[in-house]
Amino acid sequence: MIDFLLLYENKSREMEGLCLLKMELEKRGYYVVLDQVQYFYKKRYKVKVVVVPFLYNNNDIYRYIYCICGKVNKILNLRWEQIYSRKMEENLASFFYPKGEAKKVIQLCWGEAEADKLLKLGVRKELIFITGPIHLDLITKPGYFEKREYLQKKYRLAENKKWILFISSFSNATFTEKEKIEAMKMLGKERVDFIDLSIKSKKEILEWFKQIIKEKNDQYEIIYRPHPSEKKDDILRNLEAKNKGFHIITDDSVGQWIACSDFVLNWYSTSAIQSQLLKKGNAILRPIPISYEMDLEIFSDATVIDSYKGLVEYLSSKADALMDNFVFNKYYFFDSTYAYQRIANICQEVLNNNALSKIRYNTILHETSWFERLKFEILYKLYVPLLRFLKNKKLSTLFSGSVSYDMVSRNTVAESELSSIKKRLSKILGKGE
């Protein structure tokens, strides 16, 4: 039987942190398996403890616990989304906070702010652990990132030009009307308004980049880093095809790109913390203002660029745009030990704890309609394997959302890739922790 099953959603965001955790647990003598949470099509695992990337409600427990490994009660929720708009933070009934039986699992928090909100929500104190962000464990450790030459050769970027990294948060900008309706059901009308704002902002920012390439192509390479859930649309494809200095790159971690880029530009991404830790300038592009309620508190002291002229001036002056550490300290906990080590300790405690609350699986199964069960079986156990086998992008039109050939291939990890990550991490950790 497997001791720990580690499930991930987005490869680029989560893989290195989970590899650290996997290596640490294996070093302690445990049998650990790593797999993708949504594109699941294998037989059920027999497992003692499950570590999940998210768990919001009973439906998630059915899909990502019960359908994968049966009635497991020992569950750790890594909660990869922990920074929200001010309005979402105040609304504990919003989609992003656990509900129903999902409140009974172990909740891992990056900092005190999130732990306090879970307590207010009614999650028992003994289920809440402040671990710090696992994805930031080694970010400031010498030798963690490859040198700039590695990226330059891999992606054929001009070494003599300055690199502009844009970290996109436009995961919703390609939503269909049907997807907008679904988003409104889950998150309210404000979310649809935000989607419309995303579409307009993306369009304007891309116009700025076109202008930069047109006027200063000999000076800059623009790297467009999509959100892990962002679909590549025709606008992006055409821009990349027609402009030699514009690159859409999903591979390698966002931290790797931040470390090697000359300029880091943002719109709404929590990757601002990486820029802070790596002491890089981090400006936010806001062609259209975002209301105070819908903005993130971590951008309270950010440098805002609201025009093409402002962008050109920023690139010319390279003004330092680091933000106040006080804001980040509310959301991120750092200590002398690493988050992956603290999480491994919690994993061990959970493995040996037989007093955890029992999840009411009979209630969950009763709530899950036959249609939901059939849809899940078709979508994840038949359709995803078919996409992988046929490698047919046209099949992606059958279902919307994250299940497309691009997304499935982007989030599939080959054994060779996994071995390469673990080898690099072992080498870094071998230099002394």
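The values are calculated or read from the model by the stated rules, or taken from the named source; none is laboratory data. Predicted model only: the values in this text are computed from it and were never measured. Using ideal geometry, Cβ is built from the backbone for each residue, glycine included, and neighbour counts are taken over all protein chains shown.
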*asked:* Based on this model, can you work out whether residue 178 counts as outside any loop (DSSP other than H, G, I, E, B) and either free of Cβ contacts under 8 Å to residues at least 60 places away in the same chain or not hydrophobic (A, V, I, L, M, F, W, C) (or both)?
replied: yes
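Identify all residues within region 147-164 that are in a loop (DSSP other than H, G, I, E, B) and of a type outside the set (D, E, K, R); write none if there are none.
Step one: of region 147-164, the residues in a loop (DSSP other than H, G, I, E, B) are 147, 156-161.
Matches in region 147-164: 157, 158, 160.
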*Of the residues that sit in region 261-316 and are surrounded by fewer than 16 Cβ atoms within 10 Å (Cβ to Cβ) and among the basic types (Lys, Arg), which one is nearest to the chain's Cα centre (by Cα)?*
279
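Check region 77-93 and report whether any residue there is aromatic (Phe, Trp, Tyr), within 20 Å of residue 9 (Cβ to Cβ) and within 21 Å of the chain's Cα centre (by Cα).
Within region 77-93 (the criterion being aromatic (Phe, Trp, Tyr), within 20 Å of residue 9 (Cβ to Cβ) and within 21 Å of the chain's Cα centre (by Cα)), the answer is yes, since at least one residue qualifies.
Every residue in region 192-218 that is among the polar types (S, T, N, Q) and surrounded by 15 or more Cβ atoms within 10 Å (Cβ to Cβ), please. Even if it seems obvious, please write down each step before you answer.
Going residue by residue through region 192-218, those that are among the polar types (S, T, N, Q) are 198, 201, 211, 217.
Within region 192-218, 198, 201, 217 meet the criteria.
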_I'm trying to understand the selection: among the residues of region 75-101, which are small (Gly, Ala, Ser) and either touching a Leu at 6+ places or on another chain (Cβ under 6 Å) or buried (at least 21 other Cβ atoms within 10 Å of the Cβ) (or both)?_
85
*If residue 319 passes every condition in (1) surrounded by fewer than 15 Cβ atoms within 10 Å (Cβ to Cβ); (2) assigned by TED's automatic domain parsing to the domain that holds residue 72; (3) at pLDDT below 90 but one, which one does it miss?*
(2)
*Any idea which of (1) over 28 Å from residue 60 (Cβ atoms); (2) at pLDDT below 95 is the one residue 204 doesn't satisfy?*
(2)
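For region 190-278, list the helices (runs of 4 or more DSSP H) that sit wholly inside it and hold at least 2 residues that are touching a Lys or Arg at 6+ places or on another chain (Cβ under 7 Å); which are they? Give the steps one after another, and end with the answer.
Values: elements: 234-242, 254-260, 272-277.
By residue number, 254-260.
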*Does residue 11 fit the bill of being of a type in the set (Lys, Arg) and more than 19 Å from residue 361 (Cβ to Cβ)?*
yes
_Unmet requirement for residue 178, which otherwise passes all of (1) of a type in the set (D, E, K, R); (2) more than 25 Å from residue 18 (Cα to Cα); (3) assigned by TED's automatic domain parsing to the domain that holds residue 53_ = (3)
*Verdict on residue 72 being under 30 Å from residue 427 (Cα atoms) and crowded, with 19+ Cβ neighbours inside 10 Å*: no
*Among the residues listed as 138, 165, 151, the single one being touching a Ser or Thr at 6+ places or on another chain (Cβ under 6 Å) and among the aliphatic types (A, V, I, L, M)*: 165
*Among the residues of region 208-221, is any β-branched (Val, Ile, Thr) and under 24 Å from residue 56 (Cβ atoms)?*
no
*Can you run down the residue pairs with Cβ atoms below 9 Å, 6 or more apart or on separate chains, where the first is in region 242-269 and not assigned by TED's automatic domain parsing to the domain that holds residue 157 and the partner is among the hydrophobic types (A, V, I, L, M, F, W, C)?*
none
